[in-house]
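J.: This is the structure I want to talk about, given as structure tokens.
Values in this text are rule-based calculations from the coordinates and carry no lab data. This is a predicted model, so every value here is computed, not measured. Counting neighbours? That spans all protein chains shown, and the Cβs are built from the backbone with ideal geometry, glycine included.
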Amino acid sequence: MAERQRRKPGETREKLMSAALTLVGKGRHFASLGIREVTRQAGVVPTSFYRHFRNMDDLGLQLVDELGLVLRRMMREAREHVSQADKLIEESVDIFISHAQANRSFFLFMAQGLAGESRAVQDGIRSEMRFFASELANDLRRLRLVDHLSDSDLDMTCDLVVRSVAFSLTDLLGVSAGDDYQIDQIRKRTIRFLQLIFVGAANWNSVSQ
């Protein structure tokens, strides 16, 4: 009994976070969700919300932390499976699409949060994107693919990559998960975006700028 009681608060917290994501996955915008709606979806009383979160912004920031874990798993998979430099873009985009489909509610939350009303959630997601860009820069340095770029130009290149992928995410989330044709079109277009960025980077002269 004591063990079950110790576990219950954590379970309630997870239920609340899962409930918010479920509602987002059903088409609701996170910024429009209220505490009563989330607790009703979670099957808990409204007062229990305040034992775990100060407000909806606080819950949103906890979801940003969970989103960060999803993004890190995606990066780890890319590092483990992308072995050839000439396949870096195509295979990385495939991994991105796979994770976006498998974690659709999280990525819907991310897309909403970037343009949402909550400054705290927006800043949290942008911080995760900056971390992602920083990790990408480290990987490119390790692979010695852009040694001619200065650190600042490499950082800008990686920022462009992350922004392009985030833009493609909105397209991806706008089509049915089973629409293979449209998903493939988005895949090809995203690959093309990234190829153009890296062609530009390959011909960029940092010294003369």
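J.: Under 12 Å from the Cβ of M110, count the other residues' Cβ atoms, weight Lys and Arg +1, Asp and Glu -1, and hand me the total.
T.: Taking every Cβ under 12 Å from that of M110, the sum is 0.
J.: How many percent of the alpha carbon pairs in region 8-53 exceed a separation of 18 Å?
T.: Summing the P(r) tail past 18 Å for region 8-53 gives 18 percent.
J.: Another one. For region 27-121, what is the charge dipole size about the Cα centre, in debye to the nearest 20, if Lys and Arg each add +1 at the Cβ and Asp and Glu each add -1 at the Cβ?
T.: Value, rounded to 20: 440 debye.
J.: Next question. Please list, short to long, the whole-number percent of alpha-carbon pairs of region 57-203 in consecutive 5 angstrom bins beginning at zero.
T.: Histogramming region 57-203 at 5 Å steps yields 2, 9, 19, 22, 21, 15, 9, 3, 0 percent.
J.: For region 129-177, divide the Cα radius of gyration by the Kirkwood radius and give the resulting Rg/Rh value with two decimals.
T.: In region 129-177, Rg relative to Rh is 1.11.
J.: What distance in nm separates the two pseudo spin-label positions at Q101 and S48, each 7 Å out from Cα along the beta-carbon direction?
T.: Roughly 3.5 nm, to one decimal.
J.: I would also like to ask the following. Between D151 and N203, what is 0.36 nm times their sequence separation minus the Cα-Cα distance? Round to one decimal in nm.
T.: 17.2 nm is the gain from fully extending D151 to N203.
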